[in-house]
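Reading through the structure tokens given below for one structure.
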Amino acid sequence: MEPLSAPAILSSAAILGGVGLVFASLIAFTHRKFKVWEDPRIDVVAGLLPGANCGACGQPGCRAFAEQAVQGAIAPAACTVASVDIRAEIASYLGVDVGQAVQRVARLLCAGGRDVAPDRADYLGLATCKAAAAVAGGGKGCVWGCLSLADCAVACDFDAIHMNAVGLPVVIPERCTACGDCVEACPKDLFTLMPMEHKLIVQCKSLLEGEAADRLCRVACNACGKCALDAVPGVIEMKNGLAVVDYTKNDLAAPEATRRCPTGAIVWVEGPQFASRPLPAEEIAA
């Protein structure tokens, strides 16, 4: 095979260079034609945000929040992770009001710790709630109850959940951002996010009634209906053997609804949910 001559090499180089020039021109033209302008303030606001990407604000991440804030579609106060000073700085930079956001917190719909809800079997597998739930629902007698293996605490990136002495997760409201990680982590669907102003809470999801419920957990809702009778009409309704609070009537809710609960399943909570366990009415009487 004969080596290429100098003119042939130069010709090939010229062709390749020309092709490259054509494609570069097309790329430059396409960039100018279809470039989407982005408000530079988005980068500034995103830089001020904590970068947690927790989703507590309802957006998929901090940059998405910044985009909405710049557009005026969301108030800086909606970022519950950012400090008060950071929210004020964002509002000042954008020239808007800080706004107000309803503080939400994670609540556990179960009060059945090891002291009141016995196990029906010893679970010796992987020490996670998800693994235990996969084995016949876990070792707990109440199949609706908390398994106490701390998946929620592990999932919380804000150190807002710790396990108490009886194996119940305690949420620290000041640290909770309502990101929802604990909701997703719980295989029993026991966590829910609710506004702090919702203080009347039914700490049970058992569908059993009367003695059947009492045998499995001393603080289970046994469907006696006393809370529904004592509350303002319409605030609490008995459904499938369980007291259900209508939070659209939250302004009418009051602690009186909890006074005669024989097990302490329904409580009035103003801070950490399990900081101290309320005594059931029958224990107070005793």
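The values are calculated or read from the model by the stated rules, or taken from the named source; none is laboratory data. Given the structure is predicted, the values throughout are model-derived calculations rather than measurements. A quick note on method: Cβ atoms are made from the backbone with ideal geometry, for glycine too, and the neighbour counts reach across all protein chains shown.
Only one residue in 234, 225, 180, 241 is modelled with pLDDT under 95 and over 26 Å from the mean Cα position of the chain (by Cα), so which one is that? Working first, answer last.
Details: 234 fails: modelled with pLDDT under 95; 225 fails: modelled with pLDDT under 95; 180 fails: over 26 Å from the mean Cα position of the chain (by Cα).
After ruling out the rest, the residue left standing is 241.
In the range 138-162, of all residues being part of a loop (DSSP other than H, G, I, E, B) and among the aliphatic types (A, V, I, L, M), the one that is nearest to residue 56 (Cα to Cα) corresponds to 160.
Per this entry, residue 254 is counted among residues that are surrounded by fewer than 18 Cβ atoms within 10 Å (Cβ to Cβ) and small (Gly, Ala, Ser). Counting only residues that are at pLDDT below 90, of a type in the set (A, V, I, L, M) and surrounded by 15 or more Cβ atoms within 10 Å (Cβ to Cβ), how many does the range 79-97 have? Number of matching residues: 2. The set of residues in the range 125-184 being more than 20 Å from residue 78 (Cβ to Cβ) and among the basic types (Lys, Arg) consists of 130, 140. Taken over the range 236-251, the residue count meeting the criterion of being touching a residue at least 24 places away in the same chain (Cβ under 8 Å), in a loop (DSSP other than H, G, I, E, B) and either touching a strand residue (DSSP E or B) at 6+ places or on another chain (Cβ under 8 Å) or crowded, with 16+ Cβ neighbours inside 10 Å (or both) is 1.
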